[in-house]
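Everything below concerns the one structure shown next.
Read-outs throughout are calculated quantities, based only on the coordinates presented, and are distinct from any laboratory measurement. All of these numbers come straight from a predicted model, not from anything done at the bench. No Cβ is skipped: glycine too gets one built from the backbone with ideal geometry, and neighbour counts run over all protein chains shown.
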Amino acid sequence: MLRSFGAVLDRWGERALLAATCGALVAGGVAWLAGARGVADACWAAGTLVAIVPAVAWVVASLRKGRAGVDLIAVLALGGTLAVGEYLAGALIGVMLASGRALDAAAERRASRDLRALLERAPRTARRRNGEEVTVVPLAEVRAGDVVVVGPGEVVPVDGRVTAGPAVLDESALTGESALVERGRGDQVRSGVVNAGGAFDLAATATAEASTYAQIVRLAEQAGARRAPVVRLAERYAAWFLPLSLAVAGAAWALSGSAVRAVAVLVVATPCPLLLAAPVAIVSGLSRAARQGVVVRDGGALERLGRARTLLMDKTGTLTSGRPRVLQVAAAPGWTPAQVLRLAASVDQVSAHVLAEAIVAEARARDLPLTVPREVTEEPGRGVTGIVGDRKVRLGKLVAPPESVPGWAGAAENRAVLDGAAVAWLTVDDVLCGAVLLRDPLRHDAPRTLRRLRSAGIDRLLMLTGDRAEPAREVAAVVGLDGVRAEQSPADKVEAVREETARAVTVMVGDGINDAPALAAADVGVAMGARGSTASSEAADVVLTTDRVDRLADAMEIAVRTRRIAVQSAAGGMAMSLAAMVAALLGWLPPAAGALLQEAIDVVVILNALRAVLPRGGARPALEPATEELIRRFAAEHDDLADVLDAVRDAASLLSTEHGARALKAVRDVDRLLTERLLPHEHAEDRELYPALAEALGGREATATMSRAHTEIDRLAWRIATHLRLADAAGELRPDQLDDLRACLYGLHTVLRLHFVQEEENYFSLAP
């Protein structure tokens with residue numbers, strides 16, 4: 001009965017308890033000022049009684065769990081004040097107790113972690129084929145061997161094998177990878193993935209209950225249920241503060257023979273620094289985190305985040321952007337990258353393929369004029385064909401036999417393999433003319449974020465990903481991770497999380513449905529909620545509401561600082577309470593005066609705890625609005641200059657095979673692009689952006705290395721221009737120029753790529 005009563009109060013009664021105790025204290029104060037001392041005592045006694053009833057229920061509930069928490073001291077103090085007639089002291093303690101409970105409940109009000117999103121996303125019915133007849137049946141009626149028709153955009157309801165296809169699937173919900181996957185006849189398909197192509201037939205190999213998606217739901221439920229209960233900061237301190245307080249109170253009674261003196265000790269021993277300091281600091285930290293776009297579900301999660309030492313991260317959508325972007329545009333002889341991209345984007349304007357959006361966006365970013373295609377047809381998993389202008393354009397898979405692939409196309413294919421990129425091949429009037437390479441890029445703010453996480457106390461950083469080992473290792477090497485586990489299933493991720501949580505407090509970061517079980521199993525689950533699945537957000541303790549991974553570092557720094565302030569406040573408050581307990585032991589503090597002194601201690605403790613809501617300098621440089629605008633401007637120019645980097649690389653590659661008129665023209669085009677577009681951009685950065693950044697970053701030294709890179713870019717551009725003047729004088733590129741010119745071009749391409757990445761990571765990632 002007491003347990004159920006306590007549960008009801010925990011759910012509904014915190015505000016009512018706070019209102020009742022505050023009301024009794026204020027009413028008693030008004031009566032006392034009016035001279036009605038009897039009425040004042042009655043009000044204060046009523047406030048004490050109102051507080052002691054739920055406090056007893058909380059103590060009994062804690063004792064049944066094998067814990068004797070801070071509430072026990074409060075109950076003894078409340079009962080003692082009633083016994084010796086110190087009603088004002090009891091009313092003050094009642095308000096403190098109710099305030100602490102209300103604050104803690106406010107911090108934990110959103111603590112329920114159900115799997116509604118997983119269950120809502122799961123199909124309820126399936127279209128079962130029987131000969132030529134297709135009927136809609138409840139999913140529970142589908143048995144192994146049944147043929148199910150999966151329509152465009154539908155979630156695959158059961159595990160099975162493709163019998164009529166091919167099937168073009170978005171498997172990101174399970175693997176986290178954004179690229180579409182094609183499954184042919186006989187290939188296995190798992191439930192929970194989305195049909196991104198045309199309708200296909202699937203022969204079920206399992207019932208819905210035994211299929212992959214249902215297993216993920218059960219795995220997430222089990223992982224959340226098996227997570228160890230949280231031991232809060234206040235409970236850890238109460239383990240030694242409680243027996244110490246009782247010992248001092250007993251000594252006071254024994255030495256003086258006065259129960260009043262023992263009550264006075266208990267009054268000043270009332271653990272208000274624990275009841276108030278930690279919750280105030282935690283709520284302040286939660287508020288501060290919310291301002292940074294980080295929703296922390298409860299105070300316990302913030303405390304655990306502040307103690308975390310291991311961090312596990314998914315790759316796609318967490319360390320990478322989660323959406324493909326154009327890496328390079330390769331062009332056949334006689335074509336330019338701009339022509340290839342324009343035609344590819346024109347025909348892709350009407351395609352629903354995941355790569356089409358990236359290709360069209362890149363063309364628009366380069367201000368290429370697009371043409372609306374006619375007579376468009378799209379074969380899922382193969383490509384899209386249409387008429388652009390008066391030419392037949394096809395974009396998709398390479399259909400030519402390997403022996404007929406020209407050299408330039410082989411080079412593009414090799415680079416795609418090395419960079420882990422997807423390739424969309426362009427044919428015009430059935431002639432192969434170009435290729436667009438696409439890759440899910442690393443987030444600009446990822447390296448800086450991981451450095452900040454290490455500074456905040458994380459000493460072990462690992463990647464858990466469903467992707468292949470090669471691209472996972474490349475990303476891990478760039479950002480400096482301590483280890484990689486690739487090709488991980490949801491169950492594998494849960495097992496890895498459990499291994500790490502056995503060693504240290506562990507954080508898991510992810511964004512997909514496949515990450516939900518691991519998020520539930522971790523000490524702290526963090527979901528990329530801006531574009532991630534709702535299921536991962538429901539299973540997580542922390543949700544990043546903006547699509548920026550650096551908010552994770554913000555959350556970690558806030559959690560560490562909040563926990564430090566909570567510990568300072570609680571420890572400082574307890575130290576002052578111990579001093580007051582000694583005074584009460586010696587008879588220098590009667591109960592009412594002790595209660596007032598305890599109130600003064602509480603005020604000091606609360607004011608210190610409220611520091612957690614204030615921003616901390618140095619976490620991320622504060623930028624002026626004008627500086628942020630400059631960053632966005634130059635970041636956009638970086639995107640526009642991608643074709644310049646392609647031209648430099650292509651010219652260098654061309655010089656490796658020939659040095660005639662075509663090679664000379666390619667070098668002239670590079671010189672023109674450098675003079676008209678790239679160098680003005682670099683000079684403007686030195687003149688406008690770097691001085692503005694220097695103020696926020698602590699002086700010109702912070703941008704000195706980047707300025708030195710500009711000098712090297714200028715030097716290489718001047719050297720290329722000098723080679724052109726020598727070629728003009730000779731009428732051609734001389735053989736003795738080729739090695740140095742090729743080295744200048746390759747060197748310039750390398751310096752530019754490194755310089756762009758450094759600026760994007762160190763400077764452009766500062767702006768929201």
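Quick notes on this structure:
- Relative exposure of Leu614, Leu202, judged by other C-beta atoms within 10 Å (fewest first): Leu614, Leu202
- Relative to the current alpha-carbon distance between Asp640 and Trp32, full extension at 0.36 nm per residue lengthens the span by 211.3 nm.
- Net charge, Cys433 excluded, C-beta distance under 12 Å - Lys, Arg +1, Asp, Glu -1: +2
- Panel order for Glu474, Glu413, by other beta carbons found within 10 Å of each beta carbon, from fewest to most: Glu474, Glu413.
- Total formal charge among the other residues, if their Cβ is under 9 angstrom from that of Gln188, Lys/Arg +1 and Asp/Glu -1: +1
- Dipole size of the stretch 625-766 about its Cα centre, with +1 on Lys/Arg Cβ and -1 on Asp/Glu Cβ: approximately 460 debye, rounded to the nearest 20.
- Within the stretch 325-439: Cβ-based charge dipole about Cα centre, in debye rounded to nearest 20 (Lys, Arg +1; Asp, Glu -1): 200 debye
- Cα gyration tensor shape of the stretch 325-439, rounded if a/c is under 1.5, else prolate or oblate by comparing a/b with b/c: rounded
- Shape class for the stretch 625-766: prolate, because the ratio a/c of the largest to smallest gyration tensor axis (alpha-carbon atoms, square roots of eigenvalues) is 1.5 or more and a/b beats b/c.
- Bridgeable aspartates and glutamates around Lys397 (alpha carbons under 14 Å apart, same-chain partners fewer than 8 residues away excluded): Glu182, Asp348, Glu378, Glu379, Glu413, Asp430.
- Calculated FRET efficiency for the pair Asp714/Glu688, C-beta based, R₀ 22 Å, to 0.05: 0.85
- Glu732-Ser656 FRET efficiency (beta carbon distance; Förster radius 22 Å; 0.05 resolution): 0.80
- FRET E, pair Lys392, Val350, Förster distance 22 Å, beta-carbon r, rounded to 0.05: 0.90
- Fully extended contour minus Cα-Cα distance, from Val417 to Val604, at 0.36 nm per residue: 61.1 nm
- Label-point separation, Val431 to Arg485 (7 Å along Cα→Cβ), nm: 5.4 nm
- Approximate spin-label separation Arg185-Ser256, in nm, with each point projected 7 Å along Cα-to-Cβ: 9.4 nm
- Under the shape rule built on the C-alpha gyration tensor, where the axes satisfy a ≥ b ≥ c, the stretch 124-207 is prolate, since a/c reaches at least 1.5 and a/b is greater than b/c.
- Around the Cα centre of the stretch 124-207, unit charges on the Cβ atoms of Lys, Arg, Asp and Glu (plus for the first two, minus for the last two) sum to a dipole of about 180 debye.
- Percent RCO, i.e. relative contact order, over the stretch 625-766, from Cα pairs under 8 Å lying at least 6 residues apart: 36 percent
- Length added when fully stretched, Arg668-Glu209, from 0.36 nm per residue minus Cα-Cα: 158.7 nm
- 13 Å beta-carbon shell around Asn130, net charge (K/R +1, D/E -1): -1
- Here the residues Ile601, Ile282, ranked from fewest to most Cβ neighbours within 10 Å of their Cβ, fall in the order Ile601, Ile282.
- Cα→Cβ-extended label distance, 7 Å offset, between Ala571 and Ser287, nm: 2.5 nm
- Whole-Hz Karplus values for the stretch 368-375 come out as 8, x, 9, 10, 6, x, 10, 6 Hz, taken residue by residue from phi with 6.51 cos²θ - 1.76 cosθ + 1.60 and θ = phi - 60°; glycine and proline positions read x.
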